[in-house]
């Protein structure tokens, strides 16, 4: 049985032809990956320019670090932890005190003004009331 170079014995294509097809596929995939990488890099640079990250870091370094820590905490899964629950409860407690305290001061001030106006109109003396005992004269 004699084999010819253009017709291999098992009926498969010549070895050089398969290598060329594989090489073309690898080249095509490589070119596509390069295009995706370029688009991704351009998108990130455009986003960085739009957000002006370098300028923000220069203007507000501590705020930027705090934002990065907060984003990392949330992305790291710290949002639904007991620590976060305690921080939220403390924040609510402080916030309510800060919100309610001015309202209470205003109400007490209005109450005191109302009592002072009542004392002035009735002619009563301000100050502590004194209780009468048997020996006191009217």
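The values are calculated or read from the model by the stated rules, or taken from the named source; none is laboratory data. It should be emphasised that the depicted structure is a prediction, and the values quoted were computed from it without experimental measurement. Here the Cβ is made from the backbone with ideal geometry for all residues, glycine too, and neighbour counts use every protein chain on show.
Mind checking which pairs have a first residue in the range 77-101 that is modelled with pLDDT under 90 and a second that is in a helix (DSSP H, G or I), Cβ under 7 Å, 6 or more apart or different chains?
Between residues of the range 77-101 that are modelled with pLDDT under 90 and residues that are in a helix (DSSP H, G or I), the close pairs are 78/84.
Give me the residue from the range 70-82 that is exposed (fewer than 10 other Cβ atoms within 10 Å of the Cβ) and assigned to a helix (DSSP H, G or I) and, out of that set, nearest to the chain's Cα centre (by Cα).
Residue satisfying both the conditions and the ranking: 75.
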